[in-house]
1. For the pair ARG127 and ILE192, how long in nm is the line joining their label points, each one 7 Å along Cα→Cβ?
2. By the scheme Lys and Arg +1, Asp and Glu -1, what is the net charge of all other residues having a beta-carbon under 14 Å from that of VAL169?
3. Find the relative contact order for region 77-178 and round it to a whole percent, using C-alpha pairs within less than 8 Å whose residues are 6+ positions apart.
4. Quick one: of LYS88/LYS208; LYS78/LYS177; LYS78/LYS144; LYS62/LYS82, which pairs are farther than 27 Å apart, Cα to Cα?
5. In cubic angstrom, how much convex hull volume per residue do the alpha carbon atoms of region 163-211 span?
6. Roughly how many Å is it from the Cα centre of region 107-180 to that of region 182-211, as a whole number?
7. Hey, with R₀ at 30 Å, roughly what FRET efficiency would MET175 and GLN151 work out to, going by the Cβ-Cβ distance, to 0.05?
8. Would you mind calculating the gained length between ASP56 and LEU182 on full extension (0.36 nm times residue separation, minus the Cα-Cα distance), in nm to one decimal?
Amino acid sequence: MLSNSKREDAIQNLYEFFVHCMGLVSKKRLLFFIWLLPPFSSEGSGVEAFDSTTFDASLNWKDIEWLRSVTKLPVLVKGILKREDALKAIEAGVDGIVVSNHGDRQLDYSPATITILEEIVHIVGGRVSVLLDGGVGRGTDVFKALALGSQAIGRPVVYGLAAKGEDGVRKVIEMLKNELELTMAISGCPTIDDITRNHVRTVSDRLKSML
Ligand SMILES: Cc1cc2nc3c(=O)[nH]c(=O)nc-3n(C[C@H](O)[C@H](O)[C@H](O)COP(=O)(O)O)c2cc1C
């Protein structure tokens, strides 16, 4: 069976995390935490074992159709990076797609999501929602994605959660909101609907302007 996951940084960080934990928590708690994870084996680390049991490499478009048939909830497919896949997702009956490279943690040289958002938005042509995540660190990133046609933008709040719990999550969201509002104000956009394609300039715009 082919594997579709190898998170080198996660594997590395988990080892470091354990070393860190050794100094922070009682042995009893640490053992409990390790017990929650799949066991280490000669095949690799606990993270690899977790990945191989959680991620099914045989997943395909027919599974989306099946999922569609068993729920009335909106079905969104995450990880779309190509126009062809956007069309396949629509064919499979999804309600939306998330342009995402999963944080670029799996495959070197994946395109930055913001660079392909516009062509996906164009091919989708309003038939389903288009969302984006990846590399959204500031309110200006949210602004760019909205200008290029994304309807919602994802930003993991787990780092805020890890640093400061509930307050950390609130802080991440507030920070992005404040930065977005400032960007909108400076760009002359009183509302989200006022953010248009003309507010950003992409590499292809630059190339076209040189012709
Ligand atoms: C620790 C961690 C675990 C993640 N696990 C998953 C996952 O199981 N499935 C998935 O689709 N994306 C996963 N992601 C990717 C995020 O959902 C999201 O697509 C990505 O972090 C966005 O990129 P950014 O980190 O540059 O904002 C994970 C990201 C991180 C940091």
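Bear in mind these aren't lab numbers, they're just calculated from the coordinates by the rules spelled out. Source: prediction; values computed, not measured. Here the Cβ is made from the backbone with ideal geometry for all residues, glycine too, and neighbour counts use every protein chain on show.
1. 2.4 nm
2. Details: positive: ARG155, LYS164, ARG170, LYS171, LYS177; negative: GLU166, ASP167, GLU174.
With Lys, Arg at +1 and Asp, Glu at -1, the net is +2.
3. Numbers: 157 pairs, mean separation 23.0, N = 102.
So the answer I get is 23 percent.
4. Numbers: LYS88/LYS208 30 Å; LYS78/LYS177 24 Å; LYS78/LYS144 20 Å; LYS62/LYS82 18 Å.
Beyond 27 Å between Cα atoms: LYS88/LYS208.
5. 110 Å³
6. 17 Å
7. On the way: r = 21 Å, r/R0 = 0.71.
The formula returns an efficiency of 0.90 here.
8. Details: separation 126, 0.36 × 126 = 45.36 nm, distance 4.26 nm.
41.1 nm is the gain from fully extending ASP56 to LEU182.
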